[in-house]
Each structure stands twice: as structure tokens, then as C-alpha cells.
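Asks: Quick one: structure below, then a few questions.
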Amino acid sequence: MKIKLLTFGVFGDLTGKSCHELTGMKTVTDIETYLKESYPETQKFKYKIAVNTKVVDGSKELSDGDEVAILPPFAGG
């Protein structure tokens, strides 16, 4: 099962890229664990997670081909 992980703002900066191809992720919690273990500095920032453009919580199960986005706080007017 492949998942596309999109990182924006500071998360793209910290991970060094804006798009990641991941396998073995079954839930959004697995994505959060991946971020914490692979990029510990991401724990300092608040964020929301969207799966296929809908904001979800950690219990959301993932399907093959899902697009998961890490959404840091946005500023603007």
C-alpha cells in the first residue's frame, strides 16, 4: 500500500521535500509516528492532517493511494 505524504511550510523545510512516498502506513497515527521518529524536530510545531483534502484525526484508516497532507498553521488576511 502506497501513501503520498505532502508537507507544507515548516514541515517541508524540516523534511527537506514537499512530497514523500510511504508504504506500510495503516492509520494517520502511523504517519504521525513516522514524522516523530524520522524528523524529531517536527514535534515542536502544531499541525492538522488532511486525507484526500478532508481534515481527520489519528484514528482515520488509510487506503492505497491516499494523499495525506500535513497542514501547519497558516497566516494571512
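The values are calculated or read from the model by the stated rules, or taken from the named source; none is laboratory data. Because the structure is a prediction, the values reported are computed rather than measured. Glycine also receives a Cβ, built like all others from the backbone with ideal geometry; neighbour counts cover every protein chain displayed.
Asks: Within region 50-72, which residues are within 12 Å of Thr7 (Cα to Cα) and either loosely packed, with under 13 Cβ neighbours inside 10 Å or modelled with pLDDT under 95 (or both)?
Replies: Leu71, Pro72
Asks: Moving on to the next point. Going residue by residue through region 22-38, is there one that turns out to be aliphatic (A, V, I, L, M) and either in a loop (DSSP other than H, G, I, E, B) or touching a Phe, Trp or Tyr at 6+ places or on another chain (Cβ under 7 Å) (or both)?
Replies: So far as region 22-38 goes, yes, one or more of its residues are aliphatic (A, V, I, L, M) and either in a loop (DSSP other than H, G, I, E, B) or touching a Phe, Trp or Tyr at 6+ places or on another chain (Cβ under 7 Å) (or both).
Asks: Name the pairs: first residue in region 1-20 and free of Cβ contacts under 8 Å to residues at least 12 places away in the same chain, second residue of a type outside the set (Asp, Glu), Cβ to Cβ under 8 Å, at least 6 apart or on different chains?
Replies: Gly12/Ser18; Lys17/Thr7
Asks: Now, a different point. Going through region 2-21 one residue at a time, which ones are touching a Pro at 6+ places or on another chain (Cβ under 7 Å), not in a helix (DSSP H, G or I) and not aromatic (Phe, Trp, Tyr)?
Replies: Once the filter is applied, which keeps residues that are touching a Pro at 6+ places or on another chain (Cβ under 7 Å), not in a helix (DSSP H, G or I) and not aromatic (Phe, Trp, Tyr), region 2-21 yields only Gly9.
Asks: Taking region 49-70, which residues are of a type in the set (Gly, Ala, Ser) and touching a residue at least 24 places away in the same chain (Cβ under 8 Å)?
Replies: Gly58, Ser59, Ser63, Gly65, Ala69
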